[in-house]
1. Among the residues of region 87-122, how many are assigned to a loop (DSSP other than H, G, I, E, B) and open to solvent by less than 30 Å² (accessible area, probe 1.4 Å)?
2. Specify the residue that is least open to solvent (accessible area, probe 1.4 Å); the eligible residues are those in region 278-335 that are modelled with pLDDT of 75 or more, touching a strand residue (DSSP E or B) at 6+ places or on another chain (Cβ under 8 Å) and not basic (Lys, Arg).
3. Can you tell me which residue within region 155-187, out of those that are part of a strand (DSSP E or B) and under 31 Å from the mean Cα position of the chain (by Cα), is surrounded by the most Cβ atoms within 10 Å (Cβ to Cβ)?
4. Take the conditions surrounded by fewer than 17 Cβ atoms within 10 Å (Cβ to Cβ) and either touching a Lys or Arg at 6+ places or on another chain (Cβ under 7 Å) or on the phi > 0 side of the Ramachandran plot (or both) and apply them to Glu126. Does it pass?
5. As an exercise: evaluate Ile53 against (1) in a loop (DSSP other than H, G, I, E, B); (2) at pLDDT 95 or above and give the number of the one condition it does not meet.
6. Can Ile144 be described as hydrophobic (A, V, I, L, M, F, W, C), in contact (Cβ under 8 Å) with a residue 40 or more places away in the chain and open to solvent by less than 20 Å² (accessible area, probe 1.4 Å)?
7. I need the strands (runs of 3 or more DSSP E) fully contained in region 209-249, keeping only those with at least 1 residues that are among the aromatic types (Phe, Trp, Tyr) and open to solvent by 30 Å² or more (accessible area, probe 1.4 Å).
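The values are calculated or read from the model by the stated rules, or taken from the named source; none is laboratory data. Small disclaimer: the values here were computed from a predicted structure and weren't measured. FYI the Cβ positions are ideal-geometry reconstructions off the backbone, even for glycines, and counts take in every protein chain you see. For accessibility, only protein heavy atoms count, side chains too; no ligands or nucleic acids. Shrake-Rupley method; radii C 1.70, N 1.55, O 1.52, S 1.80 Å.
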Amino acid sequence: MLRRLPSVFSLCLLLLAARSHAVDRPNHVKASFVTADASVQPGQSTTVALRFIHDPHWHTYWSNPGTGLPTTIKWELPPGWKAGPIQWPAPRVLLDSKKNVVGNGYEGDLLLPVTLTAPADAKPGEKVVLKAAVDWLMCEDICIPGNASLALTLTIAAGPPAASAEWGEKIRAVVAGLPRDDPAWKISAGRDARNVTLTITPAQPGGHTPKDLHFFSDDGVTSYELPPVVKPDGRGGYTLTVPLDPTGPQNVKQLVGVLTSENGWSADSKLRGLRVAVDLPLRSGAASGSVGPDGATSLAGTLFFALIGGLILNLMPCVFPVLGIKILGFVNQAGHERGKVIAHGLVFTLGVLLSFWSLAAVLAV
């Protein structure tokens, strides 16, 4: 809970930043659609890509961002057309200007592939305009929401489509490098009360040596901001000890995510991320449920720190004088009718509750 407080405050700042930039908001990420093929046959699929060009030091987020928000695409398609989900390339650890970890995502020139499928009754020769609303969060040391209304035009072709001279090869290379299983590597996992242990073993020792290994959890089971402890086993394999996120899903039975190597998982380095989907058994003797004293804070500790935080907030210079004024108001009511004093107290309490419920509703939205 306490570890999520910075995220809550960051979200509050984000909402304020979005409001202040509503009229003239700088766009540090340029968005467009590019296509692998200029046409598609009836009933067949083609790959398009959402292209992001990030300004230097700016980033957007992966499907599990850690903090922040993932990019979304809301399509407006003609009848019969279908769009698949975003196919996420292997992410990287995102750092702010002070080298603090702020999430999982991307920088630079990025392609996010999406598969589009034409209806079987599409008419050859017809040109179809496909529209979409794209939303993202772009961050440097501050975060700004971004959005764009994009469109692309595809021609329905009777024969096999010709690849785009500019983007066909680039998009297909991104698709080929998406995280996937590789029979050259075997992965298993286990967990205790505080950590997940990943074991990576080469099918044939003596091959490629991966470097700078990092695990990205799809569902937030492991901590995004704490680096794994990586140890070679002396036989070409590795053991990764990855801290659990105490606020993440509890008692999960499967570990799902992406394991990255900065020099790839083969000699050609085209595959940077291995897709991980393995059973996550609880080690014998390890306590299930919440983590131990070194992980999550106990309820008593949480309440204590909440009390300290409340005292700090109420003793700030902008708040302290208000407390004195309110106390004097209570003192002045001492000689009034008991019913009026009780009514005033109830209204005061209701006002506090409504204020916090309103704030909670805004944050939930």
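1. Qualifying residue count for the region: 6.
2. Result: Leu280.
3. Trp185
4. No: the conditions fail for Glu126.
5. Of everything listed in (1) in a loop (DSSP other than H, G, I, E, B); (2) at pLDDT 95 or above, Ile53 misses just condition (1).
6. So Ile144 passes the test.
7. 238-243
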